[in-house]
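Have a look at the structure below before the remarks.
The values are calculated or read from the model by the stated rules, or taken from the named source; none is laboratory data. Note that the structure is a prediction, hence the values are computed from the model and not measured. Note that we place each Cβ from the backbone using ideal geometry, even for glycine, and neighbour counts take in every protein chain shown.
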Amino acid sequence: MALGAMSTTNCQIAAKCHSCYRQTIMHTFLDSTTVDEPPRTSLQDRKQEFARNAIWDAAIDLFFEKGFDETTVDEIAARAGTSRRSFFRYFESKSDLMAQPVVDWGISLVDAIESCPHSLSVAEVFHDVVFKVAQQSESNPRSRKLMQIAAKYPAAREAQLSRIAGVQDSLTQAFGKRSKDEITAHLLAGLIFGVLGATHQLWFEKHEKDISAMAHKVLAALSKVVHDMDRSSSKVLSRHAARQNKST
């Protein structure tokens, strides 16, 4: 995942969440009075999006049926009803294609953070984003296939992991705009990987139907851990201070 790969390292997910292949080029036009019109998607853009989606769908189905390592670019192009040249117009390689859900997943996360009302606290934003993005993954018919591919084939998993650092940087920036606190922004960016990673992995392994219910369980477990840490922090700090005094 953006999904399988991320959950495998316990701070990742899937891994995506997966609002895969949703990046369409938008054009804004100005009329004679210089008033902005709503963004429009051209016919050519829609054709390109359709071709890209067809290639991605064909590839994931083949990776699931034959294996990531065993599937060739030519087979993907043939299944998608397009050419090898068209494949490379949208993806640099099989690894690039496999990593794309992580990029799209990151975009979905940032969009979800930025779309939350400013009246919400960062904790409320965190919870809202977890549920929103998890539900997007659940609605994707190929999410489970993607997780299984990433879990089974190291090369596929490595392809997804290669994009995680960039996604986490984007999340840190997005949370930074809400928290105005660098430490909190970094913590939230890391935590959301762990929470979504655990949610997707357990949803996948236990064959759960409702990913929201699993997200509730994961967040409840996180809340308990944080509560226990908060209660024990004074004791830990006292022991640490005592050790420092002895050493001096």
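Name the single residue, out of those in region 153-164 being at pLDDT 95 or above and surrounded by fewer than 22 Cβ atoms within 10 Å (Cβ to Cβ), that is nearest to the chain's Cα centre (by Cα).
Going through the qualifying residues, I end up with Glu158.
Has region 194-204 got any residue that is surrounded by fewer than 16 Cβ atoms within 10 Å (Cβ to Cβ), modelled with pLDDT under 95 and either charged (D, E, K, R) or at negative phi (or both)?
Of the residues in region 194-204, the ones surrounded by fewer than 16 Cβ atoms within 10 Å (Cβ to Cβ) are none.
No: region 194-204 contains no residue that is surrounded by fewer than 16 Cβ atoms within 10 Å (Cβ to Cβ), modelled with pLDDT under 95 and either charged (D, E, K, R) or at negative phi (or both).
Could you say which residue among Leu187, Leu237 is more than 12 Å from Ala134 (Cβ to Cβ), surrounded by 10 or more Cβ atoms within 10 Å (Cβ to Cβ), modelled with pLDDT under 90 and not aromatic (Phe, Trp, Tyr)? Break it down into steps so the answer makes sense when it comes.
Numbers: Leu187 fails: modelled with pLDDT under 90.
Result: Leu237 is the single residue among Leu187, Leu237 that is more than 12 Å from Ala134 (Cβ to Cβ), surrounded by 10 or more Cβ atoms within 10 Å (Cβ to Cβ), modelled with pLDDT under 90 and not aromatic (Phe, Trp, Tyr).
Can you name the residue in region 195-237 that is charged (D, E, K, R) and under 21 Å from the mean Cα position of the chain (by Cα) and, of all such residues, is nearest to Glu124 (Cα to Cα)? Working first, answer last.
Let us first name the residues in region 195-237 that are charged (D, E, K, R), namely 205-206, 208-210, 217, 224, 228, 230-231, 235.
Of the ones still in play, those that are also under 21 Å from the mean Cα position of the chain (by Cα) are 205-206, 208-210, 217.
Details: Glu205: 28, Lys206: 27, Glu208: 25, Lys209: 25, Asp210: 21, Lys217: 16 Å.
Filtering first and then ranking leaves Lys217.
Failed condition for Ala80, given (1) free of Cβ contacts under 8 Å to residues at least 24 places away in the same chain; (2) in contact with an Asp or Glu (Cβ under 8 Å, 6 or more places away or on another chain), with all others met?
(1)
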